[in-house]
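Comments concern the structure below.
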Amino acid sequence: MKYNIDSRGYYGKFGGAYIPEMLYPNVEELRENYLTVMEDPSFQKEFNSLLKDYVGRPSPLYFASRLSAKYETQIYLKREDLNHTGAHKINNTIGQILMAERLGKKRIIAETGAGQHGVATATVCALKGLECVVYMGEIDIERQAPNVARMKMLGATVIPARSGSKTLKDATNEAIRDWINNPIDTHYIIGSVVGPHPYPDMVAKFQSVVSAEIKSQLLTQTGKDAPDYVVACVGGGSNAAGAYYHYLENTDVKLIAVEAAGYGVNSGESAATSVLGKEGIIHGSKTLLMQTDDGQITEPYSISAGLDYPGIGPMHAHLFDTGRAEFVAITDNDAMNAGLELCKLEGIIPAIESAHALAIFEKKCFGKDEVVVLSLSGRGDKDLATYISHFNLI
Ligand SMILES: *Cc1c(COP(=O)(O)O)cnc(C)c1O
């Protein structure tokens, strides 16, 4: 069994590029060039140097001793929360801005839901002096005012998507429309391991630095480069793809994917795609997605803005389908409690997305000598208002 992408752009039966004909030249240009560009030594050199001096990599692999003592296992946190801009998303946007530059693009577009990917994109556009247009649902603009302000401070233009439910999927539609109209000079930076081939593979490769670092850090710290488990939350699946990447074919390493159950998987207010999703096509790839019987996309719900995506990337659909990864759904409440617990036990305020992954320790028992590496995908500063209202903190 093979878990990574094949030469046709599929993970098992998932993936591919299901796109309107008018988008074909853009996607095809990227597909023809991405591997050559990424493997070029000058690209590698600039990518690695920016990851080091701008993002602050390598991010630490931290042995969480009090958390480990409580759950009687060996827990290591991969500290993506310490990256510049506060999450793993910057690894991908740095890679894609360098890709855009080498393909001669002058203008960058992106879609954003909660604004985290928009901020990471606006950041790298400022870094490179490229024009940046971010599409965002009108409702999300109201809900996420601080991130809108950040994007504007970084020089981006934020365009409201006023159609449909005025959220992420509508912003994505607007971005795609823009790309069709600007095929020559514009690169579309997608924020997760989703979209038509080659995006899922390109983003996974940019994020794979995470598991490359885990391997060498774990070897130094424990004498073995492979843990027993890797745990990560899954929205689209990019932090998970990065944390799993170099372990995909090593089946001694068990993979756990944590999805957002919202109020509960059967509550009608959830984002647990592996449980609720069916095969379908979203944003140009064949994957699992939440949809009605007649194929309309269901609006997902989670307390965490980064996890309320109605699909998962095709890599994760394949990991689910083959049983390579175990999928677990965590409710809002359980995630919030796990987030607060990390604050008290380790002095780290996690993003609510990452708190979903942390809740695994209440759900599942690990052996006392087993090594569990958990992707702490982001920091909780952006979620303070949600923590405050959930726990009545002021
Ligand atoms: C966006 C985000 C996620 C979810 O995205 P993936 O592509 O699934 O990784 C998770 N954690 C944080 C902190 C995020 O900002």
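The values are calculated or read from the model by the stated rules, or taken from the named source; none is laboratory data. It should be emphasised that the depicted structure is a prediction, and the values quoted were computed from it without experimental measurement. No Cβ is skipped: glycine too gets one built from the backbone with ideal geometry, and neighbour counts run over all protein chains shown.
Looking across the range 41-58, the residues that are surrounded by 14 or more Cβ atoms within 10 Å (Cβ to Cβ) and either among the charged types (D, E, K, R) or modelled with pLDDT under 95 (or both) come down to Glu46, Arg57.
On inspection, Ala120 does not qualify as at negative phi and assigned to a strand (DSSP E or B). Checking each residue in the range 306-344 for being of a type in the set (Phe, Trp, Tyr) and in contact with a strand residue (DSSP E or B) (Cβ under 6 Å, 6 or more places away or on another chain) picks out Phe320, Phe327.
Selection of the range 11-40 for residues being crowded, with 18+ Cβ neighbours inside 10 Å and hydroxyl-bearing (Ser, Thr, Tyr) yields Tyr11, Tyr34.
Could you check, for the range 311-324, whether at least one of its residues is within 29 Å of Lys2 (Cβ to Cβ), without any contact (Cβ under 8 Å) to a residue 24 or more places away in the chain and over 17 Å from the mean Cα position of the chain (by Cα)?
yes
Looking at the range 331-348, can you tell me whether even one residue there is of a type in the set (Val, Ile, Thr), within 13 Å of the ligand (Cβ to nearest atom), in the same structural domain as Leu248 (by TED's automatic domain parsing) and within 27 Å of Lys278 (Cα to Cα)? The answer is no, given that none of the residues of the range 331-348 is of a type in the set (Val, Ile, Thr), within 13 Å of the ligand (Cβ to nearest atom), in the same structural domain as Leu248 (by TED's automatic domain parsing) and within 27 Å of Lys278 (Cα to Cα). Residue selection: Lys169 satisfies the criterion of being crowded, with 18+ Cβ neighbours inside 10 Å, on the phi < 0 side of the Ramachandran plot and of a type in the set (Lys, Arg).
Please list, ordered by residue number, the helices (runs of 4 or more DSSP H) wholly in the range 139-214 having 3 or more residues that are assigned by TED's automatic domain parsing to the domain that holds His117 and free of Cβ contacts under 8 Å to residues at least 24 places away in the same chain. Explain how you work it out, then say what you get.
On the way: elements: 145-153, 168-181, 199-207.
So the answer is 145-153, 168-181.
Matching residues to (1) within 29 Å of Glu29 (Cβ to Cβ); (2) among the polar types (S, T, N, Q); (3) at pLDDT 95 or above; (4) surrounded by fewer than 17 Cβ atoms within 10 Å (Cβ to Cβ):
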| residue | (1), (2), (3), (4) |
| --- | --- |
| Leu61 | no, no, yes, no |
| Ile75 | no, no, yes, no |
| Gly95 | yes, no, yes, no |
| Leu103 | yes, no, yes, yes |
| Thr121 | yes, yes, yes, no |
| Lys128 | yes, no, yes, yes |
| Ala145 | no, no, no, yes |
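Take the residues in the range 36-91 that are among the polar types (S, T, N, Q) and within 16 Å of the ligand (Cβ to nearest atom); name whichever of them is farthest from Leu345 (Cα to Cα). Restricting to residues being among the polar types (S, T, N, Q) and within 16 Å of the ligand (Cβ to nearest atom), the top hit is Asn91.
Each row is one residue, and each column tells you yes or no for (1) at pLDDT 95 or above; (2) more than 16 Å from the ligand (Cβ to nearest atom); (3) within 14 Å of Pro314 (Cβ to Cβ).
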| position | (1), (2), (3) |
| --- | --- |
| Ser238 | yes, no, yes |
| Glu249 | yes, yes, no |
| Asp252 | yes, yes, no |
| Ala271 | no, no, no |
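Of the helices (runs of 4 or more DSSP H) lying entirely inside the range 32-106, those containing at least 2 residues that are touching a residue at least 60 places away in the same chain (Cβ under 8 Å) and touching a His at 6+ places or on another chain (Cβ under 7 Å) are 89-102.
Does any residue of the range 106-118 turn out to be within 16 Å of the ligand (Cβ to nearest atom) and among the hydroxyl-bearing types (Ser, Thr, Tyr)?
Taking the range 106-118 as the starting set, the residues that turn out to be within 16 Å of the ligand (Cβ to nearest atom) are 110-118.
If we keep only those that are among the hydroxyl-bearing types (Ser, Thr, Tyr) as well, we get 112.
Yes.
Which of the residues spanning the range 312-330 are closer than 30 Å to Ala385 by Cα and either surrounded by fewer than 24 Cβ atoms within 10 Å (Cβ to Cβ) or away from the ligand (no atom under 11 Å from the Cβ) (or both)? Residues satisfying the conditions are Phe327, Val328, Ala329, Ile330. Residues that are surrounded by 15 or more Cβ atoms within 10 Å (Cβ to Cβ) and either assigned to a loop (DSSP other than H, G, I, E, B) or more than 16 Å from the ligand (Cβ to nearest atom) (or both) within the range 365-380 comprise Phe366, Glu370, Val371, Val372, Ser377, Gly380, listed in sequence order.
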